[in-house]
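Here's the structure we're looking at; comments come further down.
Every number here is computed from the coordinates shown, using simple stated rules; none is lab data. Keep in mind that this is a model prediction, so the values were computed, not measured. Positions of Cβ are backbone-derived with ideal geometry, glycine not excepted, and every protein chain shown enters the neighbour counts.
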Amino acid sequence: MELLTIGAFARASRLSPKALRLYDELELLRPARVDPDTGYRYYAVEQMRQARLVAWLRRLDMPLAEIRAVCALDPGDAARAIRAYWARVEAETAVRRDLAAFLVDQLTDQSRRDHTIVLELRYSAHSDRGLVRPANQDTVYAGRRLLAVADGFGPAGTPASSAAVEALRFLDEAGELPADEVLTVLEDAVRSAGEAVHDVAGGSQEVGTTLTALLWTGSRLALVHIGDSRAYLLREGNLSRITQDHRVQAESLLLLKALAGGMDPVPDVRLQEVRAGDRYLLCSDGLTEVVPDTRIREALGAPSAPGDVVQALITAANEAGGPDNVSCVVADIVEAAA
């Protein structure tokens with residue numbers, strides 16, 4: 001094994017000796033040999049790849065524990081781990097970006113401009129067992145201010161999804177929330193939902209539920225999302241998904257996040273600007289696993305009332321085999337009647 005002094009290795013890897021000493025102290029890149037008398041560090045040529053990888057990952061601000069894990073993987077698995085990390089960073093950055101925009105809007109008082117147009121929600125919701133499953137483990141809710149879909153799993157999936165939605169229902173019945181407090185209130189409500197699901201699950205991770213909800217503030221929608229149910233926005237004929245699935249595709253679908261026994265609920269939360277004419281869809285994966293986005297956009301784009309659109313989407317899922325429970329909430333942003 002060819003060994004290089006720390007100076008030679010630093011020049012070859014284009015890293016400073018200071019950086020290499022830091023990586024040693026952080027246990028990210030240990031020298032191949034340390035002289036017992038002088039304490040001088042020596043590195044193997046074969047460590048060059050790992051040294052550069054550590055440097056790149058630190059530039060991505062990846063936590064030390066994750067860097068150690070990535071460096072222990074083969075190249076293919078390491079690439080997948082880095083891709084997953086960066087997707088998480090982008091999602092978290094998007095949430096912070098939206099929150100920053102919201103705070104700027106509040107502090108500059110722009111939220112009080114042009115109140116001549118008053119907006120409101122018109123909505124419909126329905127849940128269907130599908131054609132295969134023996135029971136419906138989904139729960140949906142649509143009210144004046146709160147829209148929610150929860151997809152339960154495990155032997156107590158139905159009470160789990162019901163408990164999660166029930167924990168949020170007070171938001172529909174409460175008075176108007178200050179705009180700058182709505183995300184905090186929503187996060188607190190999800191923690192309560194997680195506790196309720198934990199009680200149902202008895203601490204088992206085999207029982208739990210997804211949860212995707214929108215809370216109307218009168219001028220914006222606040223989104224909370226955990227799991228692989230989805231939220232879509234149809235605006236001016238263009239369909240966009242405003243949630244990210246918290247799962248990986250393996251031999252079977254594996255949820256990375258959910259409300260379940262033994263799991264700490266860490267939902268995505270964000271504020272969604274609205275316009276008159278927007279149409280929103282919340283749905284369980286019983287729809288999206290069998291109905292393509294093109295068909296969903298077609299149904300949402302129809303000049304039909306929310307109830308008719310909900311029924312069209314559920315019918316489409318069942319015509320595609322109905323292998324799972326399917327639940328949909330459709331809500332339109334409309335100008336309030338004078």
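General remarks:
- Euclidean distance of C-alpha centroids, the stretch 309-338 and the stretch 184-248, integer Å: 17 Å
- Between ARG96 and ASN238, the FRET efficiency estimated from the beta carbon spacing at R0 = 30 angstrom works out to 0.75.
- Förster radius 56 Å - calculated FRET efficiency between LEU103 and TYR40 (Cβ-Cβ, nearest 0.05): 0.60
- Fewest-first sequence of MET62, MET1 by Cβ atoms within 10 Å of each Cβ: MET1, MET62
- Scoring 86-93, 293-300, 208-215 by mean Cβ neighbours within 10 Å over their residues and listing the highest first yields 208-215, 293-300, 86-93.
- Per residue, the convex hull spanned by the alpha carbons of the chain comes to 183 Å³.
- For the stretch 1-149, the calculated P(r), taken from all Cα-Cα distances in 10 Å bins from zero up to the bin holding the longest distance, is 9, 22, 18, 15, 14, 12, 9, 2, 0 percent.
- Principal semi-axes in Å for the stretch 3-72 [√(5λ), Cα gyration tensor, largest first]: 20, 12, 10
- Around ALA142: net Lys/Arg minus Asp/Glu count, Cβ-Cβ under 13 Å: +2
- In percent, rounded to a whole number, the relative contact order of the stretch 117-335 is 29, using alpha-carbon pairs under 8 Å and six or more apart.
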